Amino acid sequence: MHPAEHRALRELRIFGTQLESHWEQLGRKLSGPEAALLVAGAADARLLLAELDALAGARDLPTRPSAAMSGRLTSARPMAPDHLLERNQALRYALLDVRHCVTLLAYAAALAGTRGDEELRTTLAGWQERLERHERAVRDAVLALGAHPDAAVAPAIPTVPGRIGHRIASGGGALGEWIDRRATARRSS
C-alpha cells in the first residue's frame, strides 16, 4: 500500500472519530429537528469506523495508534466550542466535519482504485455516498434556518452555560459590527 493511502486511511480514522464524537455530542445538546440528523450521522460514522478497522486489519494496516495521538492536534472545524456559537454557526461548523470525511473517502477510494483494491475502493465510495446524504440533510437544515433568523442566531446549546457563552460571543459580534460601521462612516466622510 502506498504511504498516501495509509495516511488517508489514518486521517479518516482521525476525522471520522471527530465526526462521530462531535455530531453525537451536539445532537444530544441541541434542541430542534437538526438534533436527530446529527445523531443519525454520528451513528453512521460509528459504523464507518468499525468497517474501517476491519478493512485496515485485513490489510495488516494499523490506523489507531498514531490516529489517537494526531487526533488531539487537528480538527476540520474551528476550535470554538459549541456553547459559544449561534445555532446556525454550530451546524455550519458541524458540516466541516462531514465534508472533510466525504473528501477523504473519495480520495482514499481513488488511491485504492489505482492499486487495484476493488473491495476497498467500492467500500469507501459507498461510505462517501452515505455520508453525503447526511451532509445534504444538515446543509438543508442550515439553509432552512435562513428563513428564521431569530432561530438561526439563538444559542446553539440552550443551557445556562450555553446562553452565557452565547451572550459573550454576541457581545464580540456586536463590537465587530460597531467597528465595521465606524470604518464605513470614516470612508464616507
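The values are calculated or read from the model by the stated rules, or taken from the named source; none is laboratory data. Quick caveat: nothing in here was measured; it's all calculated off a predicted structure. Ideal geometry is used to build each Cβ from the backbone, glycine not excepted, and the neighbour counts take in all protein chains shown. Ligands, DNA and RNA are stripped out before the accessible areas are found, and what is left, the full protein with its side chains, is counted by its heavy atoms. Shrake-Rupley method; radii C 1.70, N 1.55, O 1.52, S 1.80 Å.
For the list (1) at pLDDT 90 or above; (2) more than 15 Å from Arg92 (Cα to Cα); (3) exposed (fewer than 11 other Cβ atoms within 10 Å of the Cβ), I need the number of the one condition that Ile179 fails.
(1)
Residues of the stretch 6-59 being open to solvent by 30 Å² or more (accessible area, probe 1.4 Å) and either in contact with a strand residue (DSSP E or B) (Cβ under 6 Å, 6 or more places away or on another chain) or not in a helix (DSSP H, G or I) (or both), which ones?
Ser31, Gly32, Pro33, Arg59
For Leu85, state whether it is among the aliphatic types (A, V, I, L, M), open to solvent by 40 Å² or more (accessible area, probe 1.4 Å) and within 21 Å of Ala154 (Cβ to Cβ). So that I can check it myself, show each step before the final result.
On the way: among the aliphatic types (A, V, I, L, M): yes; open to solvent by 40 Å² or more (accessible area, probe 1.4 Å): no; within 21 Å of Ala154 (Cβ to Cβ): yes.
Considered against the rule, which asks whether it is among the aliphatic types (A, V, I, L, M), open to solvent by 40 Å² or more (accessible area, probe 1.4 Å) and within 21 Å of Ala154 (Cβ to Cβ), Leu85 comes out as no.
Which residues, taken from the stretch 100-118, are part of a helix (DSSP H, G or I) and open to solvent by 20 Å² or more (accessible area, probe 1.4 Å)?
The initial filter retains those residues of the stretch 100-118 that are part of a helix (DSSP H, G or I), namely 100-114, 118.
Answer for the stretch 100-118, where residues must be part of a helix (DSSP H, G or I) and open to solvent by 20 Å² or more (accessible area, probe 1.4 Å): His100, Thr103, Ala106, Tyr107, Ala110, Leu111, Gly113, Thr114, Glu118.
Before we move on, is Ala94 modelled with pLDDT of 90 or more and open to solvent by less than 30 Å² (accessible area, probe 1.4 Å)?
On the way: modelled with pLDDT of 90 or more: yes; open to solvent by less than 30 Å² (accessible area, probe 1.4 Å): yes.
It is true that Ala94 is modelled with pLDDT of 90 or more and open to solvent by less than 30 Å² (accessible area, probe 1.4 Å).
Collect the residues in the stretch 119-140 that are over 16 Å from His6 (Cα atoms), open to solvent by 70 Å² or more (accessible area, probe 1.4 Å) and free of Cβ contacts under 8 Å to residues at least 40 places away in the same chain, keeping them in residue-number order.
We begin by selecting, within the stretch 119-140, every residue over 16 Å from His6 (Cα atoms); these are 122, 125-140.
Checking which are open to solvent by 70 Å² or more (accessible area, probe 1.4 Å) leaves us with 129-130, 133, 136, 139-140.
Once the filter is applied, which keeps residues that are over 16 Å from His6 (Cα atoms), open to solvent by 70 Å² or more (accessible area, probe 1.4 Å) and free of Cβ contacts under 8 Å to residues at least 40 places away in the same chain, the stretch 119-140 yields Glu129, Arg133, Arg136, Asp140.
Do we have Pro3 as farther than 27 Å from Val160 by Cβ, at pLDDT below 95 and either open to solvent by 30 Å² or more (accessible area, probe 1.4 Å) or under 17 Å from the mean Cα position of the chain (by Cα) (or both) here? Spell out the reasoning first.
Numbers: farther than 27 Å from Val160 by Cβ: yes; at pLDDT below 95: yes; either open to solvent by 30 Å² or more (accessible area, probe 1.4 Å) or under 17 Å from the mean Cα position of the chain (by Cα) (or both): yes.
Taking the combined requirement at face value, the residue satisfies it.
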